[in-house]
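Here is the structure we will look at.
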Amino acid sequence: MNTLNTQIQGRPLAGKAAIVTGGSRGIGAAIVRRLARDGAAVAFSYAASADRANALVAEVEAAGGRAIAFRADQANADEVRQLVTRAYAALGQLDILVNSAGVFVTGPVDDPAADLAAFDRQLDVNVKGVATAVRAAVPLLREGGRIISIGTTGAVHIPFAGAADYVASKAAVAAYTRGWSRDLGPRNITVNLIQPGAINTEMNPEDGPFADTLKGMASLGRYGQPEDIAAAVAFLAGPDASYITGATLNVDGGQSA
């Protein structure tokens with residue numbers, strides 16, 4: 001039985017199934033909303049807040065879409081693999097994987113009090129978690145599938161001291177993106193990266209202590225919104241992006257110009 005029969009037809013992603021890691025808040029939640037609005041059935045992961053995840057599911061369903069939430073720690077390879085397996089079983093197919101989960105840990109390289117456990121976890125989430133999700137999803141993705149990861153413009157233009165560990169983890173995903181596009185091209189699976197600049201989220205609000213500095217770095221002189229990143233994801237997941245792969249799309253208001 002096709003589990004996607006309940007999807008509303010006439011939308012760009014109607015009949016598609018997506019997994020979004022880290023989809024319960026911020027950029028991830030905006031991606032879940034947008035993909036569902038465009039017709040995809042969406043399974044997403046959350047790390048801690050079941051209430052927030054369930055509220056997002058209810059919101060999507062109230063708007064006529066379909067969403068399912070699964071708890072998974074992106075730093076735990078077994079849980080990431082189980083996420084992909086469970087989501088695939090629930091949706092009945094897989095067309096789109098969005099790697100949105102991430103953590104942000106800063107600190108200068110010469111800090112004698114550096115939290116090495118936090119350093120390791122950042123690598124586990126931002127690099128190993130992405131690679132694990134992709135490896136688990138690849139055998140399940142249908143021909144013509146899409147893999148989209150969320151990076152940072154800091155990977156090519158580091159905005160401040162102490163960010164090296166974080167941006168290095170995102171630069172690794174950029175390199176993976178280019179390499180995976182070669183690996184999966186014969187199956188017509190595209191692999192792309194979106195690099196946000198300053199985006200208005202709970203972790204980095206547009207009225208926060210770093211806001212004026214970050215606004216000044218952007219050509220547009222303002223923060224972006226999570227919906228700006230979601231729109232870019234929807235484009236790369238949609239039919240108009242079928243010949244784009246191995247690419248990096250900066251959505252940063254001109255910060256990297």
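The values are calculated or read from the model by the stated rules, or taken from the named source; none is laboratory data. A quick note: this is a predicted structure, and the numbers were derived from the prediction, not measured. We place every Cβ from the backbone using ideal geometry, glycine too, and count neighbours over all the protein chains shown. Protein only, heavy atoms only, side chains kept; ligands, DNA and RNA dropped before computing areas. Shrake-Rupley method; radii C 1.70, N 1.55, O 1.52, S 1.80 Å.
Name the one entry in ALA171, ALA161, ALA133 that is touching a residue at least 24 places away in the same chain (Cβ under 8 Å) and closer than 25 Å to ALA30 by Cα.
ALA133
Filter region 70-88 down to residues that are among the aliphatic types (A, V, I, L, M), out of contact with any strand residue (DSSP E or B) (no Cβ under 6 Å at 6 or more places or on another chain) and closer than 13 Å to VAL20 by Cα, then give me how many there are.
Residues flagged as among the aliphatic types (A, V, I, L, M), out of contact with any strand residue (DSSP E or B) (no Cβ under 6 Å at 6 or more places or on another chain) and closer than 13 Å to VAL20 by Cα within region 70-88 amount to 2.
Can you confirm whether ALA29 is within 21 Å of GLY129 (Cα to Cα), open to solvent by 10 Å² or more (accessible area, probe 1.4 Å) and of a type in the set (A, V, I, L, M)?
The answer is no for ALA29.
Only one of (1) out of contact with any helix residue (DSSP H, G or I) (no Cβ under 9 Å at 6 or more places or on another chain); (2) within 27 Å of THR245 (Cβ to Cβ) is not met by TRP180, so which one is it?
Condition (1) is where TRP180 drops out.
Within region 117-129, identify whether any single residue is closer than 15 Å to ALA171 by Cα, open to solvent by less than 50 Å² (accessible area, probe 1.4 Å) and either touching a residue at least 60 places away in the same chain (Cβ under 8 Å) or assigned to a strand (DSSP E or B) (or both), and answer yes or no.
Checked region 117-129: at least one residue is closer than 15 Å to ALA171 by Cα, open to solvent by less than 50 Å² (accessible area, probe 1.4 Å) and either touching a residue at least 60 places away in the same chain (Cβ under 8 Å) or assigned to a strand (DSSP E or B) (or both).
Being open to solvent by 10 Å² or more (accessible area, probe 1.4 Å), within 15 Å of THR177 (Cβ to Cβ) and in contact with a helix residue (DSSP H, G or I) (Cβ under 6 Å, 6 or more places away or on another chain) is the filter here, so list the residues in region 131-154 that pass it.
ARG146, THR152, listed by residue number.
Of the numbered conditions (1) farther than 23 Å from ASP124 by Cβ; (2) open to solvent by less than 10 Å² (accessible area, probe 1.4 Å); (3) in a helix (DSSP H, G or I), ALA53 fails exactly one; give the number of that condition.
(1)
Pick from PHE104, PHE70: which is part of a strand (DSSP E or B), open to solvent by 10 Å² or more (accessible area, probe 1.4 Å) and under 29 Å from ASP165 (Cβ atoms)?
None of the others qualify; the one that does is PHE70.
Hey, among the residues in region 188-246 that are farther than 17 Å from THR152 by Cβ and among the β-branched types (Val, Ile, Thr), which one's surrounded by the most Cβ atoms within 10 Å (Cβ to Cβ)?
If we take residues in region 188-246 being farther than 17 Å from THR152 by Cβ and among the β-branched types (Val, Ile, Thr), then VAL191 is surrounded by the most Cβ atoms within 10 Å (Cβ to Cβ).
Give region 36-50 a look and list any residue that's assigned to a helix (DSSP H, G or I), of a type in the set (A, V, I, L, M, F, W, C) and surrounded by fewer than 24 Cβ atoms within 10 Å (Cβ to Cβ), or say none.
If the condition is that a residue be assigned to a helix (DSSP H, G or I), of a type in the set (A, V, I, L, M, F, W, C) and surrounded by fewer than 24 Cβ atoms within 10 Å (Cβ to Cβ), then ALA50 is the only one that fits.
Can you tell me which residues in region 155-178 are modelled with pLDDT of 95 or more and open to solvent by less than 30 Å² (accessible area, probe 1.4 Å)?
Within region 155-178, SER169, LYS170, VAL173, ALA174, THR177 qualify.
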